[in-house]
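Structure record follows, encoded as structure tokens.
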Amino acid sequence: MLKKLGKHPLVMKLVGNAMAYYLLFVRKSSKFTLDPPNFYEDHEDTVPYVVSMWHGQHFMMPFARPKDWDVRVMISRSADGEMQAICASKLGLGLIRAAGAQRASQISKRGGMRGFIEALRALKEGGNVAMTADVPKGPSRKAGKGIVQLAKHSGRPLMPVAIATSRHYDLDTWDKASINLPFSHIALCFGEPIPVPADASDEQLEEIRQLLETRMNETTDKAYAIAKSGKK
């Protein structure tokens, strides 16, 4: 009964909206640091990007979007995903309802191919596409191949992004999810963009996947270091 109640559209809408208002409270009650400080000005002529983030570290990501940037986030069609989609939409993000998978048999079930095509279309239209680089359910912080393939076929570079708060509660989940807490210092960090050649071989794509993983971890570590230091 509780599972059915949790999947009721009204309940999911209430929870999704509550999540959005909570994250807004975290943002408004906290200090904010952007690194590099001139990132948006330096990159406004080179959008769109395939924005890469780690699963479980993504809850504050809506606040990485400048008001005049079109950003569409890929979110699964699960019940949890539905609540996150409502939250993301409330905070100004566009939606692509799909998710990656570890096994080929799961791709169709999770709408992976349809989501891939929709993401390609969004990038062609000039929209940035944000997605988690690691694939449920793990291992965490290990970049999958899907995000690299999207960059290859779209011709748009990968953009590593991480956001962290000085105060957070870490859950014992596969993705080591962090619940961001109010009255924090927020650090939003961008890594160096990674181009993916359209004619990249499988060996080159694997090297790029590993490079993305490395830069994602470096960017995440930097975001936490800046947040905890309290320095702008």
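Can you report the number of residues in segment 76-88 which are surrounded by fewer than 17 Cβ atoms within 10 Å (Cβ to Cβ) and either among the polar types (S, T, N, Q) or modelled with pLDDT of 85 or more (or both)?
Residues that pass the stated criteria total 1.
Search segment 205-232 for residues being farther than 16 Å from residue 193 by Cα and among the aliphatic types (A, V, I, L, M), and hand back the single one that is most open to solvent (accessible area, probe 1.4 Å).
Selected residue: 225.
Return the pairs, sorted by first residue and then second, in which the second residue is among the charged types (D, E, K, R) and part of a helix (DSSP H, G or I), the first residue lies in segment 76-91 and is more than 18 Å from residue 136 (Cβ to Cβ), the beta carbons are less than 7 Å apart, and the residues are 6+ apart or on different chains.
Partner pairs satisfying both residue conditions: 86/13.
Return only the number of the condition from (1) open to solvent by 20 Å² or more (accessible area, probe 1.4 Å); (2) among the β-branched types (Val, Ile, Thr); (3) not in a helix (DSSP H, G or I) that residue 73 does not satisfy.
(1)
Determine whether segment 19-42 contains at least one residue that is open to solvent by 60 Å² or more (accessible area, probe 1.4 Å) and closer than 16 Å to residue 75 by Cβ.
So far as segment 19-42 goes, no, none of its residues is open to solvent by 60 Å² or more (accessible area, probe 1.4 Å) and closer than 16 Å to residue 75 by Cβ.
Return a yes/no flag: does segment 22-43 have any residue that is within 25 Å of residue 134 (Cβ to Cβ) and assigned to a loop (DSSP other than H, G, I, E, B).
Yes, because at least one residue in segment 22-43 is within 25 Å of residue 134 (Cβ to Cβ) and assigned to a loop (DSSP other than H, G, I, E, B).
Quick test for you: out of 24, 91, pick the one residue that is in contact with a helix residue (DSSP H, G or I) (Cβ under 6 Å, 6 or more places away or on another chain) and at pLDDT 95 or above.
91
The values are calculated or read from the model by the stated rules, or taken from the named source; none is laboratory data. It should be emphasised that the depicted structure is a prediction, and the values quoted were computed from it without experimental measurement. Cβ sites come from the backbone with ideal geometry, for glycine too, and all protein chains shown count toward neighbours. Accessible surface is based on the protein model in full, side chains and every heavy atom, while ligands, DNA and RNA are left aside. Shrake-Rupley method; radii C 1.70, N 1.55, O 1.52, S 1.80 Å.
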